[in-house]
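Colleague: Just dropping this structure here.
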Amino acid sequence: MSDNAEFETTLQVMLNKKQDWFNNTFLQEMLQQYRLVHTCVRNLYDVLVKKSLINQDPYRLDKRISDITVPDTSVFPESDNATQLGSRFSDYETMLDYICTYFRFTVDNITIPTTKKLFDFNASFDWKNLSPNCTQSNTRALATVLNQAKINTPSVLVSMINDCCVKSSEAIATINSMLNELVVFEKELYKGQIRSDLFNHPEFNHQKASESAEAELSEIKRLYTKVMGKRTFYNDLISEIISEDHNPDKDKLRANILKRLEIKGAVQEKKKKEAPDPKAMLIEAVCSLGSMAPTLQQIIPKLQNNFDLLFAPKKGFMTFLRVILKQLFKLKDKERICEVPVKDAKTGTETKRKIVVSDLLTDINQRVRIYNGIGNRGVEFEKIKGSTEEAILSFMNKQISDTQSIFTTVNALDSYFKSAIEITERPKIKGMQIELSALRNSIINANKKRGEYISYKEESIQMRKLGITDD
């Protein structure tokens, strides 16, 4: 029993350490891979819609998602590409946005059944076999319309399409490989929880369980529902536990488990922490800006909708007359401007902010383009990467400040629309609190990474002044 106790203690310690590593390092890298796919898919979707090769789903922004679902993969005729692919590719992009923005990348959340959903979702478009001859209906249709999109198209756009396809293929392959590794750990975690919760239950008869494999299985089945609740009973994993306790080679089996739970590259990671590259820290902060693009992109059509409601002309003869006069004399539409009460987060004081609608939408659109370029490792990212640390930090400071200002403005507008728009039109208002919450989290994350860089630089300067340095 002492050997069993020692093994189970070591097992639980290693499971906890490995789970922390998955949560803080491994799954965060998986999230970055999904963000890269989302950026590529969003770019491709926009191209196909603009070229009228697929139909935009009119209800895409109104869909409420609470769990991972797979786009329809059933067969459809090529003549329905515009409608069917438009709907399915839209669902694919929307689900990627949900995964990147709202889905929690933690071991507790990505259970064995959830990994199955992610595998199925990843397979809804086969990026590795993107060909008009592919047997999978979605992939075949996407390959066909992408080939059509490249006809009579500038080489820069063709290059972008090809790049997005290659990066999506590589990223999905990486994600699937990571999911396989996660599944292995989830199985060991399940077995560890059986040992921790069920084996340590007061009613578990250790003496009887130690008599034979059959007796241990009987004890597990007797208490399983009482201890584990509605969790799935995995016969193969329970069999592994029993083999690890009763098989003649149980010591070898246990040693293999502990070896699998070792965190690979732990020594190298420790060295990196001892001497991090400050510019790499800053570049990582810049990369975090890429996650803001999809959220800002979702805010734009909602703002446009709400501004249209706010400035909608009242029906009547005078309105009709003004429209006629504008057409006759070719008069330009008056600039849409509104004054919105904005509350200072620090002082709580409220001031009026003058908002020029066209300027605000242009600013957000421009920011989407820049952040998409960063997330997609495009030209913008390469320019930033080649700059000095001072220039990159200045860029980060400005982006965080400007995006915070946009957040404050849009947050104020979200409240303003609900009181300023005509009562009869208020049901048509598009709420933005979900997007604002995601944007706030992205700003906090970017600010945190910037702060880590600044703290490290300040600490390095102090260390050099005191003569305590490894340089």
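The values are calculated or read from the model by the stated rules, or taken from the named source; none is laboratory data. Since the structure is predicted, the reported quantities are computational estimates derived from the model, not experimental observations. Backbone-built Cβ (ideal geometry, glycine too); neighbour counts: all protein chains shown. Accessible surface is based on the protein model in full, side chains and every heavy atom, while ligands, DNA and RNA are left aside. Shrake-Rupley method; radii C 1.70, N 1.55, O 1.52, S 1.80 Å.
Colleague: So which aspartates and glutamates can Lys208 reach, going by Cα to Cα under 14 Å and dropping same-chain residues fewer than 8 places off?
Modeller: Answer for Lys208, where 14 Å is the Cα cut-off: Glu216, Glu219, Asp245, listed by chain and number.
Colleague: Give the accessible surface of the chain per residue, rounded to a whole number of Å², with probe radius 1.4 Å and ligands, DNA and RNA excluded.
Modeller: 56 Å²
Colleague: Given 0.36 nm per residue, what is the gain on full extension from Lys383 to Ser455 after removing their alpha carbon distance, in nm?
Modeller: Length difference between fully extended and current span is 23.4 nm.
Colleague: Compute, for Ile68, the solvent-accessible surface of its heavy atoms (probe 1.4 Å) with the complete set of protein chains present, and express it in square angstrom to the nearest 10.
Modeller: Near enough 10 Å² of accessible area.
Colleague: Quick one, can you get me the convex hull of the C-alpha atoms of region 1-151 expressed as volume per residue in Å³?
Modeller: 135 Å³
Colleague: Now, a different point. For region 340-376 and region 127-188, what is the centre-to-centre distance using only Cα atoms, to the nearest Å?
Modeller: A separation of 34 Å, based on Cα centres.
Colleague: Testing the spin-label approximation: label points 7 Å from Cα along Cα→Cβ at Val166 and Asp251. State their distance in nm.
Modeller: 5.3 nm
Colleague: Give me Rg over Rh for region 377-464, both radii from the alpha carbons and Rh done the Kirkwood way, two decimal places.
Modeller: Ratio value, two decimals: 1.18.
Colleague: Residues with beta-carbon under 10 Å from that of Thr39, excluding Thr39: net charge, scoring Lys, Arg +1 and Asp, Glu -1?
Modeller: +4
Colleague: For every other residue with a beta carbon closer than 10 angstrom to the beta carbon of Leu223, add +1 if it is Lys or Arg and -1 if Asp or Glu, then tell me the sum.
Modeller: Computed value for this residue: 0.
Colleague: Another question, if that's okay. Relative contact order for region 173-240 using alpha-carbon pairs under 8 Å, separation at least 6, rounded to a whole percent?
Modeller: 30 percent
Colleague: For region 1-98, which trypsin sites (Lys or Arg not before Pro) are in a loop by DSSP, counting at most 16 other Cβ atoms within 10 Å?
Modeller: Here the trypsin sites (Lys or Arg not before Pro) that fit, given the DSSP loop and packing criteria, are Lys51, Lys63, Arg64.
Colleague: Hand me the trypsin sites (Lys or Arg not before Pro) from region 332-372 located in a DSSP loop with no more than 16 other Cβ atoms within 10 Å, in residue order please.
Modeller: Lys332, Lys334, Arg336, Lys346
Colleague: Taking a ≥ b ≥ c as the square roots of the Cα gyration tensor eigenvalues, with a/c under 1.5 meaning rounded and otherwise prolate when a/b beats b/c, else oblate, which class fits the chain?
Modeller: prolate
Colleague: Looking at Asn162, Ile364, Leu253, which one has the Cα that reaches farthest to the positive end of the dipole of the chain (charges on Cβ: Lys, Arg +1; Asp, Glu -1)?
Modeller: About the Cα centre, the residue reaching furthest to the positive side is Ile364.
Colleague: Between Arg336 and Ser131, what is the label-to-label distance in nm when each label sits 7 Å out along the Cα-to-Cβ direction?
Modeller: Between Arg336 and Ser131, the simple spin-label model gives 4.8 nm.
Colleague: Taking all protein chains in place and a 1.4 Å probe, what share, in percent, of the accessible surface of the chain do carbon and sulfur account for?
Modeller: Carbon and sulfur together cover 52 percent of it.
Colleague: Which value at 222 nm does the chain reach when only helices count, each DSSP H run of 4 or more adding -39,500 (n - 2.57), with the total divided by all residues and rounded to the nearest 500 deg cm²/dmol?
Modeller: So the helix-based figure for the chain works out to -22000 deg cm²/dmol.
Colleague: While we're on this one: For a quick check of understanding: with a 1.4 angstrom probe and all protein chains in place, what accessible area in square angstrom does Thr225 have, to the nearest ten?
Modeller: Estimated to the nearest 10 Å², Thr225 gives 100 Å².
Colleague: Extension gain Glu262-Gln207, at 0.36 nm per residue separation less the Cα-Cα distance, in nm?
Modeller: Going from the current span to full extension adds 16.7 nm.
Colleague: Also, quick follow-up: Grab the other residues whose beta carbon is less than 9 angstrom from that of Val342, score K and R as +1, D and E as -1, and report the net.
Modeller: Residues near Val342 contribute +1 overall.
Colleague: Related question: Full extension from Ala123 to Thr69: what is 0.36 nm times the residue separation minus their Cα-Cα distance, to one decimal in nm?
Modeller: Result: 18.2 nm gained on full extension.
Colleague: Ok, one more. Relative contact order for region 1-134: what percent, with Cα pairs under 8 Å and sequence separation of 6 or more?
Modeller: 33 percent
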